[in-house]
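K.L.:
This is the structure I have questions about; it appears just below.
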Amino acid sequence: MPSILSLPRGAALPVLLSVLLAACGDPPNGAPPEASGPPQVSALVVQPQRFAFNTELAGRTVPYQIAEVRPQVTGLVKTRNFEEGGLVKAGQALYQVDPASYQASYDNARAALDRSEANVHSTRLKSQRYSELAAIKAVSQQDQDDASAALQQAEADVAGAKAALESARINLAYTRVVSPISGRIGKSSVTPGALVTANQAALLSTVQQLDPIYVDVTQSSSSVLRLKHALAQGHLKRGGPDAAVVKLLLEDGSTYPLNGKLQFSDVTVDQGTGAITLRAVFPNPKADLLPGMYVRAVVEEGVSDQALLVPQRAVSRDATGKAVAFVVGADGKLESRAITTERAVADQWLVTAGLKAGDRLVVEGQQKAHPGQVVKVAAPPAAPASAPVARVAAN
């Protein structure tokens, strides 16, 4: 076939036009053009489900009881009767202060009481005799009054001597420094031979009860108000008798095997942080929890029977940062919905506004169509189910 360039100038143009028309004509073999149908999207039907609202709050462990051991008398420490870091019982002797001077004071007070009791015996007999003699006018009334007054004074001396003896006994008992509570004792700040003074500022040691143990966490006052409003409006309800159960996450990310109980919520908001302190109590039989440890407590706030959880991949953001989802209307057309998401739950969003039960939510393929366009709906691919439990970190 001769080249188009080799043809005469008048014949080249008709040949070129025929080639272009052939290229733009019907497909070969007479096949019809491929028809373009509505775009296909994957959608699921939004269904309400039961959902437990759990909040994860940061906090620290606090001893259930703590006692600071201080001397109540002055003297030299003779012995230390415990192992540092060991367990002690309430009333167990921890230190022994030299009791010699206090024993002498007690013996002196005992002797003074005996002397006073002997004196009151003689004055009582004298008072009785003067009463009999005054009845027959053998002594004057003044003598009888003096004898009665002497008896009262002797009885007062006995009472004072008893009080002094009791004081001496208490001081003597204080030379034996005992543990006020049962628990684990820390290091000792003194050794035998050290001089201690009554009510000194320096501690001898500290005893802490660790089983059970407290966990103090903080929650913002705004979160507490939001929870109260949700409960009052019926959007949430208490989870039953186990609603106060608290789980614990340790510093290494592991879960503490024993559950605790929410004991109380503080009645005062911290003016600096705007937070409220919550206190939970946990059993600690193996002393795995030590005072001052950083932990995270998972607290159940309430339960909703009509919660809407949707896959995160079905939610996008518009230019202003607001959450947007696409649904397929009853007429088969794609619709854009502005929604409100409260919190993330694993790979899902908890939606509180913008969607309702029965909506066909587009999960995949929304990029292929635009709002108002008719779409073809297919079932979404199966995804692993996630437990309907919310765990959200406190702000």
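The values are calculated or read from the model by the stated rules, or taken from the named source; none is laboratory data. Bear in mind the structure is a predicted one, so any value in this text is a computation, not a measurement. Note that we place each Cβ from the backbone using ideal geometry, even for glycine, and neighbour counts take in every protein chain shown. These accessible areas exclude ligands, DNA and RNA; they are computed on the full protein's heavy atoms, side chains included. Shrake-Rupley method; radii C 1.70, N 1.55, O 1.52, S 1.80 Å.
K.L.:
May I ask you to give the percent of accessible area on the stretch 251-294 that is carbon plus sulfur, with a probe radius of 1.4 Å?
P.N.:
So the carbon and sulfur contribution to the accessible surface is 54 percent.
K.L.:
Could you pull out every one of the lysines with an alpha carbon less than 25 Å from that of Lys162, ignoring same-chain neighbours closer than 8 positions?
P.N.:
Excluding near neighbours in sequence, the set is Lys126.
K.L.:
Show the residues, 5+ positions off or on another chain, whose built amide H is closer than 5 Å to the amide H of Ile181.
P.N.:
Correct list: Gly91.
K.L.:
Sticking with this one: Rounded, prolate or oblate: which fits the stretch 238-376 when a ≥ b ≥ c are the square roots of the eigenvalues of the alpha-carbon gyration tensor, with rounded for a/c under 1.5 and prolate only if a/b beats b/c?
P.N.:
prolate
K.L.:
Residues of the stretch 249-353: accessible area per residue at 1.4 Å, in Å²?
P.N.:
Here the residues of the stretch 249-353 average 52 Å² of exposed surface.
K.L.:
Roll a 1.4 Å probe over the protein chains and send me the accessible area per residue for the stretch 59-109 in Å².
P.N.:
55 Å²
K.L.:
I've got another one for you. HN-Hα J couplings of the stretch 206-217 from phi, Karplus 6.51/-1.76/1.60, θ = phi - 60°, integer Hz, Gly and Pro as x?
P.N.:
9, 10, 10, 8, 10, 10, x, 9, 8, 10, 9, 10
K.L.:
On to the next question. Could you list which residues have their amide H under 5 Å from that of Val363, counting only those 5 or more apart in sequence or on another chain, with H placed in the peptide plane?
P.N.:
Ser42, Ala43, Leu44
K.L.:
Then there's this: Skipping prolines and chain starts, which residues have an amide H placed within reach, meaning under 5 Å, of the one on Gln263, given they are 5 or more residues away or on another chain?
P.N.:
Hits under the 5 Å cutoff: Arg279, Ala280, Val281.
K.L.:
Please give the net charge around Gln312, taking every other residue with its beta carbon less than 12 angstrom from that of Gln312, where Lys and Arg add +1 and Asp and Glu add -1.
P.N.:
+2
K.L.:
Would you kindly calculate the mean projected area, averaged across all directions, of the convex hull enclosing the Cα atoms of the stretch 293-355, in square nanometres?
P.N.:
Computing the convex hull of the Cα atoms and averaging its projections yields 6.6 nm².
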